[in-house]
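Got a structure for you, questions after.
The values are calculated or read from the model by the stated rules, or taken from the named source; none is laboratory data. Note that the structure is a prediction, hence the values are computed from the model and not measured. FYI the Cβ positions are ideal-geometry reconstructions off the backbone, even for glycines, and counts take in every protein chain you see.
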């Protein structure tokens, strides 16, 4: 997806966005879905709220963003480690994959209070939550990429007397890169929503904190301002990863 | 005979919308949904008792009690028709009204505040002055404002001396010393602390009600249009509810039994609910308050609540006291007793 | 020379892992309480045997709620997967569709359910259906993304081979695209499964009458007295998650046995 050039592939999402925007602002959507403004605020109200609160929003966005990125990095790294060891020490590590997948099944409703008990109400809690949530995705995807190699390729590597290290890098890792990038894209979404939802529980700062607080007061414009900031952060990160993907695996079929 | 409600929302064909029939004794019962403020517990004994003992049925109402939870916004559930009436604190109601929700209070269940500020004696925080700069826990949303008012009255500067930290719905932060001063209700958290092994002698307790600047809590509210179009039903449901509360007051044991049938199994004990009921009833009928007047909306306290809300920025516009509550509903409910 | 990585599901290995973890846990709990005198150690990391005892004495409640949550999660997962897979196929068919909605799909995942709730409730008015829709909302994205990737990864040679047979649209779909996308669809499902459980529990916080999430919240709320119950629900939800994950893995093995990691291999 070419970002900055306004060409055919950009026109479509852009025009759809503009259409939706117009329908939203003029409350056609409200009429169609029979919603009130106090359930879904209109863009102009959201914009005023952003202008009014941009200082707090900016500060909180940085706070939450840090939590998300740090958790994302830690989780993805750990997930990779588990995947790699599952490939090379299969007897031990297959169990590890199951454990990691099980961790993923701990709902955030339980994870957040547990992390809060250990790390208090600061960033540590959310980084912990995000790390746990992103580990499994990376582990599963990376493992699939590293292990789903066609045997004929492995035989080819043997035939060329490749060392374990060369097999790893040139075959397994390269083959796994598309899977890893898929995991990164999913993890990016998870890390943002994870840090935001984590803040719903016990936090005194952050976009999630502000969102959960304001929505209970039915202050929809400010709540949606938070959502806008979160979405902006998410889309930004997604395109960063897309860019990286294009750099690292330009040959992959799915890039065409 | 189904009467259409005024608000367009209620004309949905969805079976859960609050279409109501004004019931004669032989007509089908009017379906009515009550949205609680939190999970089922003794704090809501009156409603469960009224349902169990048939008080709602006597008034021609088929009541469904919907539990609340951490992410339920009662005001929105009532506004979007998922419930017909709900229970909320007036502080929360006022800010929702301020943000456009067309709601009003029709009965005031708890007359005094349950809010306590507690600290461990070991922390040395035994006076308001010592709270300066310390981490004071509050459930936030709308609930930190009476604490601000209370502390300012006691000499602290809200902008400089008071550091309010979000408290979850558990007391874990208090146990972990992540908070210096914690919020607690007289009917729940205080006893959660005692049940954890901390003794009353180990605690400093400050009652927000003592400052005279408490904000009103549990009240029954509904959409203004709904009340206008279903006035009879509103009066009936309030009457049955108050009867339920009175019964609970006179038959606490039985009331706790009813509550225990409705709590989430495994998460609480009967003793805890017994204490909760006892303490909560003290709020419904404080010392010296006439039993036949429970549910009345105390207009002076309502005004205080609204003033604090405006002063400390919970609401942006002054509350229109003529539309925020309708005291005639309770008055009519009490007439036919 | 060859790493004999016979990918058999070594029950023994998993058992060993679990045993090791249990021991580590009990040791840590003991250390926290008796060695380091950590504040509220009982809350932070209770003794496993205490939690297990609570679980055993509360089996009816946990089973009942667990089943309800599992049922809701499954419904949400099915709905979400159907939507996700359909979206992926549609996007693969029409590149214009993909570029039109892709940014909005990503945007959709940024909106936490709590922001969606007023809108969904406002449109649907029914609490139960709203909860299912929100659960599906969370699960469609991983399935869509992975299935789409799978469809796109179909090798050109395979496509060309298919085209040389002049297949109908349906044949193309059923004989190549559907089958080729299955492995990635299953990845999506495996990722969506725990999400489905999580979201089923999260939406229970919005006033559901029962379910594991409700017990979780109430046991937290009532404090130390029910701390073990809280941990019991944590384990129960892990159990449900692992169950769902295992079912999907089993299904995957049955439906796509040709995948390399299910075959015997060397190296």
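Hey, among the residues in the stretch B:163-182 that are assigned to a strand (DSSP E or B) and within 13 Å of chain A (Cβ to nearest Cβ), which one's modelled with the highest pLDDT?
Applying the filter and picking the extreme gives B:182.
Which residues, counting only those in the stretch C:204-224, are farther than 19 Å from residue C:235 by Cα and touching a residue at least 60 places away in the same chain (Cβ under 8 Å)?
C:206, C:207, C:208
In the set C:73, C:86, which member is in a helix (DSSP H, G or I) and within 14 Å of chain A (Cβ to nearest Cβ)?
It is C:73.
Moving on to the next point. Within the stretch B:233-289, count every residue that is away from chain C (no Cβ under 14 Å) and under 21 Å from residue B:61 (Cα atoms).
So the answer is 18.
Please enumerate the residues belonging to the stretch B:190-231 that are under 30 Å from residue B:98 (Cα atoms) and assigned to a loop (DSSP other than H, G, I, E, B).
Passing the criteria: B:212, B:213, B:214, B:215, B:216, B:217, B:218, B:230.
Every residue in the stretch B:261-285 that is part of a loop (DSSP other than H, G, I, E, B) and over 24 Å from residue B:216 (Cβ atoms), please.
Scanning the stretch B:261-285 gives B:261, B:262, B:263, B:264, B:265, B:266, B:267, B:268, B:269.
Residues that are within 23 Å of the chain's Cα centre (by Cα), surrounded by fewer than 19 Cβ atoms within 10 Å (Cβ to Cβ) and either assigned by TED's automatic domain parsing to the domain that holds residue C:214 or in contact (Cβ under 8 Å) with a residue 12 or more places away in the chain (or both): does the stretch C:135-148 have at least one? Don't jump to the end; show me each part of the working.
Taking the stretch C:135-148 as the starting set, the residues that turn out to be within 23 Å of the chain's Cα centre (by Cα) are C:135-148.
Adding the requirement that they be surrounded by fewer than 19 Cβ atoms within 10 Å (Cβ to Cβ) leaves none.
No.
Among the candidates C:184, C:210, which residue alone is in contact with a helix residue (DSSP H, G or I) (Cβ under 6 Å, 6 or more places away or on another chain), under 27 Å from residue C:135 (Cα atoms), assigned to a loop (DSSP other than H, G, I, E, B) and facing another protein chain (nearest Cβ under 9 Å)?
Numbers: C:184 fails: assigned to a loop (DSSP other than H, G, I, E, B).
When all the criteria are applied, what remains is C:210.
Looking at residue B:129, is it without any contact (Cβ under 8 Å) to a residue 40 or more places away in the chain and over 16 Å from residue B:203 (Cα atoms)?
So residue B:129 fits the description; yes.
Go through the stretch C:1-60 and give me each residue that's under 25 Å from residue C:215 (Cβ atoms), assigned to a loop (DSSP other than H, G, I, E, B) and at pLDDT 70 or above.
C:45, C:46, C:47, C:58
Here are the criteria: (1) over 27 Å from residue B:320 (Cβ atoms); (2) within 20 Å of the chain's Cα centre (by Cα); (3) more than 14 Å from chain C (Cβ to nearest Cβ). Tell me which single one residue B:66 does not satisfy.
So the condition that residue B:66 fails would be (3).
Could you go through the stretch A:154-161 and let me know if any residue there is within 8 Å of chain C (Cβ to nearest Cβ) and either closer than 18 Å to residue A:83 by Cβ or touching a residue at least 12 places away in the same chain (Cβ under 8 Å) (or both).
Yes, that holds for at least one residue.
Can I ask one more? Got a sec? Which of B:15, B:27 is at the interface with chain C (Cβ under 10 Å from one of its Cβ atoms), at pLDDT below 85 and either part of a helix (DSSP H, G or I) or surrounded by fewer than 18 Cβ atoms within 10 Å (Cβ to Cβ) (or both)?
From the options B:15, B:27, the qualifying one is B:15.
Here's something else I'd like to know. Which condition does residue C:245 not pass, out of (1) out of contact with any helix residue (DSSP H, G or I) (no Cβ under 9 Å at 6 or more places or on another chain); (2) part of a helix (DSSP H, G or I), if it passes all the others?
Condition not satisfied by residue C:245: (1).
Return the residue satisfying two criteria in turn: it lies in the stretch B:97-149 and is within 14 Å of chain A (Cβ to nearest Cβ) and part of a helix (DSSP H, G or I), and of such residues it is surrounded by the fewest Cβ atoms within 10 Å (Cβ to Cβ).
Among those residues, the one meeting the criterion is B:98.
Another question about this same structure. Give just the number: which of (1) within 14 Å of chain A (Cβ to nearest Cβ); (2) closer than 30 Å to residue B:84 by Cβ does residue C:127 not satisfy?
So residue C:127 meets the others, but not (1).
Moving on to the next point. Can you tell me which of (1) surrounded by fewer than 22 Cβ atoms within 10 Å (Cβ to Cβ); (2) in contact with a strand residue (DSSP E or B) (Cβ under 8 Å, 6 or more places away or on another chain) is the one residue A:164 doesn't meet?
(2)
Return only the number of the condition from (1) outside any helix (DSSP H, G or I); (2) more than 10 Å from chain A (Cβ to nearest Cβ); (3) out of contact with any strand residue (DSSP E or B) (no Cβ under 6 Å at 6 or more places or on another chain); (4) under 25 Å from residue B:70 (Cα atoms) that residue B:158 does not satisfy.
Unmet condition: (4).
So if I check each of C:54, C:75, C:100, which one is free of Cβ contacts under 8 Å to residues at least 40 places away in the same chain and surrounded by 15 or more Cβ atoms within 10 Å (Cβ to Cβ)?
Testing whether each residue is free of Cβ contacts under 8 Å to residues at least 40 places away in the same chain and surrounded by 15 or more Cβ atoms within 10 Å (Cβ to Cβ) leaves just C:100.
Return yes when residue A:87 is more than 8 Å from chain C (Cβ to nearest Cβ) and touching a residue at least 40 places away in the same chain (Cβ under 8 Å) and no when it is not. If you could, list the steps in order and put the result at the bottom.
Working: more than 8 Å from chain C (Cβ to nearest Cβ): no; touching a residue at least 40 places away in the same chain (Cβ under 8 Å): yes.
The answer is no for residue A:87.
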